[in-house]
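Worksheet for the structure shown next.
The values are calculated or read from the model by the stated rules, or taken from the named source; none is laboratory data. Small disclaimer: the values here were computed from a predicted structure and weren't measured. A quick note on method: Cβ atoms are made from the backbone with ideal geometry, for glycine too, and the neighbour counts reach across all protein chains shown.
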Amino acid sequence: DTGVSQNPRHKITKRGQNVTFRCDPISEHNRLYWYRQTLGQGPEFLTYFQNEAQLEKSRLLSDRFSAERPKGSFSTLEIQRTEQGDSAMYLCASSGGAFATNEKLFFGSGTQLSVL
Amino acid sequence: DAKTTQPTSMDCAEGRAANLPCNHSTISGNEYVYWYRQIHSQGPQYIIHGLKNNETNEMASLIITEDRKSSTLILPHATLRDTAVYYCIVRSYNTDKLIFGTGTRLQVFP
């Protein structure tokens, strides 16, 4: 399968615990995006990388959230001291090519986080 | 990026054409119109995009009005598997990210 892969698919945690999600983009895609989606809403942009550089972070990305893409390949999104409001689907997407314009984003199936 | 307005929900009979409208009256000349859809429990899937000309691919057709203030996504022969939320997105040429609205929930019925 050459699509965007996200692990785990589901995560249940207790309030106050730390969680980490992983995203493996399509091979050779240089851009990687993280989105969050709550029930009934469209995906909300969190952050994105071009290669290993984190180029933009949304105001939604509080200090408890950190994303990395150390070698410009896979990425991790960590949430520290989880809160019930963090419960959501976390989506990863990737795109490639020399220019962002006209590039399609390919999304993974997401990680569903439930904070109890 | 320009905002878009879409109906909250629509119904379509299986085998008929589904026409999904989108209003983007504040679109500027360098902004593209993108359509994605999201089937339940999956990530969004790219459908089609265009700048000012009508576009067609194996999934759908995109009709953009001459003034570019609105567009219509056409699924020529809707199937039950086309039941999904459809997002119309306006994306600037110098923006990497996509900004999603709440989309149109299309229900295809037998």
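Only one entry in A:L32, A:L91 is facing chain B (nearest Cβ under 10 Å), in a strand (DSSP E or B) and closer than 30 Å to B:L51 by Cα, namely A:L91.
For every residue, the table says whether it meets (1) closer than 19 Å to A:K14 by Cβ; (2) within 13 Å of chain B (Cβ to nearest Cβ).
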residue	(1), (2)
A:T47	no, yes
A:N51	no, yes
A:S58	no, yes
A:R69	no, no
A:Q80	yes, no
A:Q84	yes, no
A:T111	yes, yes
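Exactly one residue out of B:K52, B:K97 is of a type in the set (K, R), without any contact (Cβ under 8 Å) to a residue 40 or more places away in the chain and within 25 Å of A:C23 (Cβ to Cβ): that is B:K97. Residues of region B:1-19 that are in a loop (DSSP other than H, G, I, E, B), among the aliphatic types (A, V, I, L, M) and surrounded by 15 or more Cβ atoms within 10 Å (Cβ to Cβ): B:A2 alone. The number of residues in region B:20-40 that are of a type in the set (S, T, N, Q) and surrounded by 14 or more Cβ atoms within 10 Å (Cβ to Cβ) comes to 2.
Close contacts from region A:40-69, counting a first residue that is within 18 Å of B:G101 (Cβ to Cβ) and of a type in the set (F, W, Y) and a second that is modelled with pLDDT under 95 and exposed (fewer than 14 other Cβ atoms within 10 Å of the Cβ), with Cβ to Cβ under 9 Å and a gap of 6+ residues or different chains, come to A:F45/A:L60. Just so you know, in region B:68-84 the residues that are farther than 14 Å from B:R16 by Cα and surrounded by fewer than 21 Cβ atoms within 10 Å (Cβ to Cβ) include one that is farthest from the other protein chains (Cβ to nearest Cβ), and it is B:K69.
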